[in-house]
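First up is the structure itself, then whatever we jot down about it.
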Amino acid sequence: MSRKKIILFIVEGITDKTSLELALQNLFEGENRVVFEVVKGDITTSNRTNSKNIRSKLTTLVKSNGQRKYAASDYKEVIHIVDTDGAFLKSKYIFFDEKYRHFHYTEDGIFCRNIEKVEERNRQKAEMLNVLLHTDTVYTNVPYRVFYFSCNLEHVLHDRINLPDDDKTRYAEKFEEKYADDAQKFLHFMCNSEFSFQGDYHSSWKFIKLENNSVKRYSNFNLFLKEYYSEIK
């Protein structure tokens, strides 16, 4: 019997892993092996990341995945899941409001104390995402793609856009409990909800860049799932 290939999912935080790992392992059981790598932050906004080194940073991350050090030949593909965080917003959707210490997201835009800080963050994040969505391989020749949850994972999965960390954990555990052992229910939710983008991969990225779509509730992760489960209606 041939050895299972690894599908590596790169995610920003532990609640992303909690929400998705068991459901995806259940989906791919018997065909591929699902492995998660938690970055513990946003690689696209790190002050150590730029457009020239982000691909090499991804390769380093994949090569040393969890210190398990898989060979490139062990991987089927690498799937990178990111929040859009309003990265593609035009300036007219960024609003000054002194009552918010941190960026406050709504489906109308971002409210903040420092508009220039948001604009600089968005410039870097958008630049990094543009590099990633045109990256086809990492670690020599392992297929790579990046998929988004907008404005963030909790927005898509729970329609809650500004959850505190404690609530993120609680919602992630509830999602895990609901979908971990019900593959069809998980597929239906991810692929047939109002937030599910219907189109192709590159069109989904063109769409999320329009106007204020990058703070609205959309995801293109369903496109990945449909490739494996073409019978989804």
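The values are calculated or read from the model by the stated rules, or taken from the named source; none is laboratory data. As the structure is a computational prediction, the values presented were derived from the model and not from experiment. Here Cβ is always computed from backbone atoms with ideal geometry, including for glycine, and neighbour counts include all displayed protein chains. The accessibility values were calculated without ligands, DNA or RNA, using every heavy atom of the protein model including side chains. Shrake-Rupley method; radii C 1.70, N 1.55, O 1.52, S 1.80 Å.
Have a look at 52, 40 and point out the one that is in contact (Cβ under 8 Å) with a residue 24 or more places away in the chain, open to solvent by 70 Å² or more (accessible area, probe 1.4 Å) and in a loop (DSSP other than H, G, I, E, B).
Answer to the check: 40.
Given the criteria out of contact with any Cys (no Cβ under 8 Å at 6 or more places or on another chain), modelled with pLDDT of 90 or more, closer than 28 Å to residue 177 by Cα and of a type outside the set (S, T, N, Q), does residue 58 qualify?
no
Exactly one of (1) under 19 Å from residue 228 (Cβ atoms); (2) open to solvent by less than 20 Å² (accessible area, probe 1.4 Å); (3) part of a helix (DSSP H, G or I) is unmet by residue 16. Its number?
The one condition residue 16 does not meet is (1).
Pick out, from the range 95-191, the helices (runs of 4 or more DSSP H) lying fully within it that include 1 or more residues that are hydroxyl-bearing (Ser, Thr, Tyr).
165-179
Which residues, taken from the range 200-231, are open to solvent by 30 Å² or more (accessible area, probe 1.4 Å), assigned to a loop (DSSP other than H, G, I, E, B) and either modelled with pLDDT of 95 or more or among the β-branched types (Val, Ile, Thr) (or both)?
200, 209, 210, 211, 216, 217
Report every pair of residues separated by at least 6 positions or lying on different chains whose Cβ atoms are under 9 Å apart, first residue within the range 88-112 and open to solvent by 60 Å² or more (accessible area, probe 1.4 Å), second among the aromatic types (Phe, Trp, Tyr).
Listed by first residue and then by second, the contacts come to 95/111; 96/111; 99/111; 108/93; 108/95.
Would you confirm, using the coordinates I've provided, whether residue 135 is touching a residue at least 40 places away in the same chain (Cβ under 8 Å), under 26 Å from residue 47 (Cα atoms), within 17 Å of the chain's Cα centre (by Cα) and surrounded by fewer than 20 Cβ atoms within 10 Å (Cβ to Cβ)?
Judged against the criteria, residue 135 is a match.
In the range 51-83, which residues are closer than 16 Å to residue 41 by Cβ, of a type outside the set (D, E, K, R) and touching a Ser or Thr at 6+ places or on another chain (Cβ under 8 Å)?
Within the range 51-83, 54, 58, 82 qualify.
What's the number of the only condition in (1) within 22 Å of residue 20 (Cα to Cα); (2) in contact with a strand residue (DSSP E or B) (Cβ under 7 Å, 6 or more places away or on another chain) that residue 154 fails to meet?
(2)
Got a sec? Which of 33, 3 is part of a strand (DSSP E or B) and more than 15 Å from the chain's Cα centre (by Cα)?
Testing whether each residue is part of a strand (DSSP E or B) and more than 15 Å from the chain's Cα centre (by Cα) leaves just 33.
Determine if the range 76-87 includes at least one residue that is closer than 16 Å to residue 12 by Cα, open to solvent by 20 Å² or more (accessible area, probe 1.4 Å), of a type in the set (A, V, I, L, M) and not in a strand (DSSP E or B).
no
On the basis of being within 24 Å of residue 205 (Cα to Cα), within 19 Å of the chain's Cα centre (by Cα) and not in a loop (DSSP other than H, G, I, E, B), does residue 59 make the cut?
yes
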